[in-house]
Amino acid sequence: MTASTLKPSTLPSATTSPLAWVRSRLFPNVRSGILTIVLAPLLVYAAYRAALFLFVNGRWEAVTRNLTLFMQGTYPRDQQWRIVAQIVVLALAFGIGAGTASAVRADVAKEAGLALPRQSPLSVIRRFWSLIAFVLLLLYFASTATPWLVVAGAVAAFLVGTLARFIPTSLRNLGWTLAALALVAGFQVVSGTVGYSWIVTAIVLAAGAWSTFKFENVEGRRALLYRALVAVAAWVVTYLAYTQLVYPGVGWDYWSGLHLTLWVSSLAIVLSFPLGLLLALARRSTLPVLRWLSTGFIELIRGVPLITLLFMGQYILGFMLPQGTNLSSISRAITAMTLFTAAYVAEIVRGGLQSIPYGQTEAALALGLPTGKMMRLIIVPQALRAVIPALVGQFISIFKDSSLLYILAINEFLGVRSLVHAQADFRAVAHAETLVFVAIGYWAFAYAMSKESQRLEVRLRAGRR
Amino acid sequence: MQRRLLALLAVLALVAAACTTGDTADTVPVTDGGADDTSADTTPPDTGDTDETTDTTPAVLPQDEGGILAAVRDRGAVRCGVNDVLPGFGIVDENGEYSGFDIDFCRVVAAGVLGDPDAVEFVPLTAEARFTALQGGEIDVLIRNTTWTATRDGQEGATFLHTTFYDGQGMMVPASTGFTTLEDLADATICVLQGTTTELNLTAVFNARGIPFNPMTHADNETLQPAYESGQCEGWTSDVSQLTAFKASIEEAGGEEQYIMAEVFSKEPLGPAVPDGDSAWAQAVDWSILATIQAWEFGLTSENIGSYDGDDPNILNFLGTDGFDPGLGLAPDFAVTIVESVGNYQEIFERHLAPIGLELEGSPNDLWTNGGLMYAPPYR
């Protein structure tokens with residue numbers, strides 16, 4: 001609206017000469033001119049020093065020689081193929097997810113009779129440029145061909161995964177099931193089939209079977225029965241398969257480096273979200289006990305610094321669990337991080353819930369929707385949409401806070417740095433270089449997360465009309 | 001009304017549950033070393049009934065079931081609590097492999113008990129967490145530059161074994177300051193690691209002599225070193241072994257020349273610790289370590305121990321070639337395995353501590369026959 005009322009001549013034109021640009025942008029009046037004269041040399045000097053450090057003086061051997069250590073820490077090198085396999089399988093999972101998502105978008109567009117906005121490879125690069133830049137940096141630092149092969153394998157697996165968009169519309173949920181299954185498989189390639197890990201696969205398969213095979217040609221109640229039977233069968237088959245399949249692996253107690261950082265923070269994020277959602281709903285519940293418990297939990301956890309919770313996890317959690325359960329320090333740390341994030345997520349989501357006018361609830365009730373359905377279909381989606389930026393902010397924060405594990409002598413990404421500087425060659429040198437490298441690593445992921453949240457916001461706002 | 005009642009009932013149930021867990025919490029400190037992650041890695045998923053048995057039967061103290069020694073044999077690996085950022089004693093190299101003086105003694109224990117120097121799971125620990133880990137059964141043995149003190153022996157539930165390294169606290173200052181005695185450091189800021197005996201000693205010694213000073217505590221050497229180098233503190237106090245290592249690396253990197261004061265103002269016997277109350281395990285660990293000293297005294301090295309063809313009955317006993325078994329729960333030839341795969345004390349010292357600038361000869365860590373403190377009880 002404002003743009004259309006402006007005269008075209010006042011808009012900076014792309015075709016003005018460089019001199020005119022300098023004049024209008026850098027020296028429009030005396031005050032700005034002085035500012036330019038003062039700041040420009042400072043900026044140029046700072047850039048010069050930074051470039052000198054990055055490209056000339058920086059002793060990057062501390063990073064290049066320890067690149068594998070930064071990526072996977074003390075993880076046994078003879079088991080390295082597991083991590084390679086994991087990267088490829090996870091790329092496949094993301095490929096299947098992306099393929100299915102694009103198919104869903106195509107379906108929606110077709111139904112609405114709209115043209116599907118084409119996604120160019122360029123837009124993908126723009127979305128994930130920080131991560132791509134980080135991977136390129138790693139490849140630049142790499143001294144062997146293996147990382148190149150891994151990246152090539154991951155890209156190939158991703159592209160294969162996107163073929164999931166050709167799965168027929170009626171079996172759309174199969175795509176999601178396959179993606180989830182590949183995620184779990186990616187985890188278990190490294191961790192092995194440990195203890196109760198079969199339950200996760202069983203849940204994925206049962207839910208997938210339930211939502212994929214709908215028996216739409218069978219009427220009414222019988223269809224439900226069939227679906228339940230298929231789901232139970234999937235559950236039982238998974239259990240039996242896992243009892244037969246003894247696949248030893250390397251549990252997460254032996255993970256470290258960036259590998260550990262990414263898993264620990266992903267798990268904390270993924271686990272804390274549903275927990276936080278439930279806590280938020282419980283805090284607004286009409287049942288007093290539920291409300292008290294939830295409020296008590298949230299206020300207790302929010303009143304304590306994360307580092308205190310982590311220490312409590314290490315020193316106290318063991319005494320509160322039943323005898324004989326021997327939780328490793330990483331499991332305890334994940335527990336503490338999950339509980340901490342859940343409390344914050346709960347408060348963020350509660351804020352979203354409160355922003356939904358009561359009229360929505362009344363309208364839903366007037367339509368005769370039961371409370372559960374009302375929450376699921378009307379209130380929660382709108383509430384979540386309202387709080388995406390805050391939620392992602394919290395997730396970015398827990399991702400960065402995973403570096404606190406360093407204080408517990410868990411060698412995550414930042415912790416590897418001190419391993420490097422205990423080595424004879426790097427004891428008194430290159431402290432700045434390793435720190436810059438680690439900072440770039442954290443930034444690449446945090447920035448990608450923030451960028452994705454902005455995208456999600458824009459997309460969902462479009463749906464709000 | 002009904003809803004209120006339900007709520008009250010639920011609260012009561014919760015309180016009851018909290019109380020019962022509270023009761024058991026008193027007896028929890030010992031977790032069973034046998035039920036561990038490695039076995040979980042390889043066993044198929046637990047079925048419901050095994051789960052139930054772990055719930056209903058009280059956890060067994062390690063000692064009741066053949067103790068830690070049996071648990072270690074079951075697991076096929078020794079869990080060794082270590083420091084992974086201590087030059088010379090424990091570091092991680094580019095390939096993710098642990099190495100160092102303390103690390104080698106973990107390998108010595110593994111070689112002695114299991115016959116395989118690589119059957120070790122290294123658990124990096126902070127100074128603060130080390131005794132909790134030992135009490136909680138997270139580790140079988142703690143070899144993490146830990147000073148043997150009465151309090152730790154008494155209150156921390158740790159049993160200290162033969163000292164592997166006699167250290168002492170010293171003070172490093174930039175050579176340019178010209179300081180040579182502690183008195184010169186009056187009103188100076190002194191950097192020290194927190195939660196260590198070093199910190200307590202610093203206060204004790206300076207207070208006893210009436211020297212005013214400001215301590216600056218750091219969680220690890222990673223932050224301490226830059227603080228010291230940038231002049232935030234005038235002195236750096238730590239064990240002499242550490243100061244020597246850092247002096248060498250600071251000077252090598254082109255930093256200021258450093259001076260370590262001649263005065264050593266504490267006794268820091270560093271050695272392995274095991275949980276209290278399992279003497280079979282303590283003996284096995286102790287004698288594995290003593291074997292490296294005994295081999296040194298006998299002049300046996302990793303190179304010549306396998307080809308010993310003399311007839312000294314003491315050495316033959318030690319090698320186990322005559323079938324001598326003192327009943328320590330170790331294989332008769334455990335000493336051969338240890339020395340062949342890891343080395344004798346001198347070899348271990350020269351491999352890890354000579355490169356950081358420490359000398360064995362004439363130090364307290366020399367063999368007793370050379371005037372040092374390294375002395376193994378007779379093996380017979």
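The values are calculated or read from the model by the stated rules, or taken from the named source; none is laboratory data. Computed from a predicted model, the values in this text were never measured in an experiment. As a convention, Cβ positions derive from the backbone with ideal geometry for all residues, glycine included, and neighbour counts pool all protein chains shown. The protein model used for the area step is the full one, side chains on, heavy atoms only, and it has no ligands, DNA or RNA in it. Shrake-Rupley method; radii C 1.70, N 1.55, O 1.52, S 1.80 Å.
From the list A:ILE87, A:ILE125, the lone residue that is farther than 30 Å from A:GLY192 by Cβ, open to solvent by 50 Å² or more (accessible area, probe 1.4 Å) and within 20 Å of the chain's Cα centre (by Cα) is A:ILE125.
Return the residue satisfying two criteria in turn: it lies in the stretch B:248-276 and is within 30 Å of B:VAL72 (Cα to Cα) and of a type in the set (Asp, Glu), and of such residues it is most open to solvent (accessible area, probe 1.4 Å).
B:ASP276
The criterion of at least 1 residues that are more than 19 Å from B:PRO87 (Cβ to Cβ) is met, among helices (runs of 4 or more DSSP H) falling completely within the stretch B:179-267, by B:197-208. Every condition in (1) open to solvent by less than 10 Å² (accessible area, probe 1.4 Å); (2) farther than 20 Å from B:LYS267 by Cα; (3) over 11 Å from the mean Cα position of the chain (by Cα) is met by B:PHE105 except one, and the failing one is (3). A residue that is open to solvent by 30 Å² or more (accessible area, probe 1.4 Å) and away from chain B (no Cβ under 14 Å) can be found somewhere in the stretch A:329-336. Scanning the stretch A:405-423 for residues that are more than 25 Å from A:THR335 (Cβ to Cβ) and more than 7 Å from every other protein chain (Cβ to nearest Cβ) gives A:ARG417, A:VAL420. A count restricted to the stretch A:195-250 and to residues that are within 13 Å of chain B (Cβ to nearest Cβ), open to solvent by less than 40 Å² (accessible area, probe 1.4 Å) and within 25 Å of A:VAL270 (Cβ to Cβ) stands at 9. Within the option set A:ARG291, A:ARG283, A:ARG350, being surrounded by fewer than 19 Cβ atoms within 10 Å (Cβ to Cβ), charged (D, E, K, R) and touching a helix residue (DSSP H, G or I) at 6+ places or on another chain (Cβ under 9 Å) holds for one residue only, A:ARG291.
Kindly indicate the residue of the stretch B:356-366 that is in contact (Cβ under 8 Å) with a residue 24 or more places away in the chain and touching a helix residue (DSSP H, G or I) at 6+ places or on another chain (Cβ under 6 Å) and also most open to solvent (accessible area, probe 1.4 Å) among those meeting that condition.
Filtering the stretch B:356-366 for residues that are in contact (Cβ under 8 Å) with a residue 24 or more places away in the chain and touching a helix residue (DSSP H, G or I) at 6+ places or on another chain (Cβ under 6 Å), the one most open to solvent (accessible area, probe 1.4 Å) comes out as B:GLY357.
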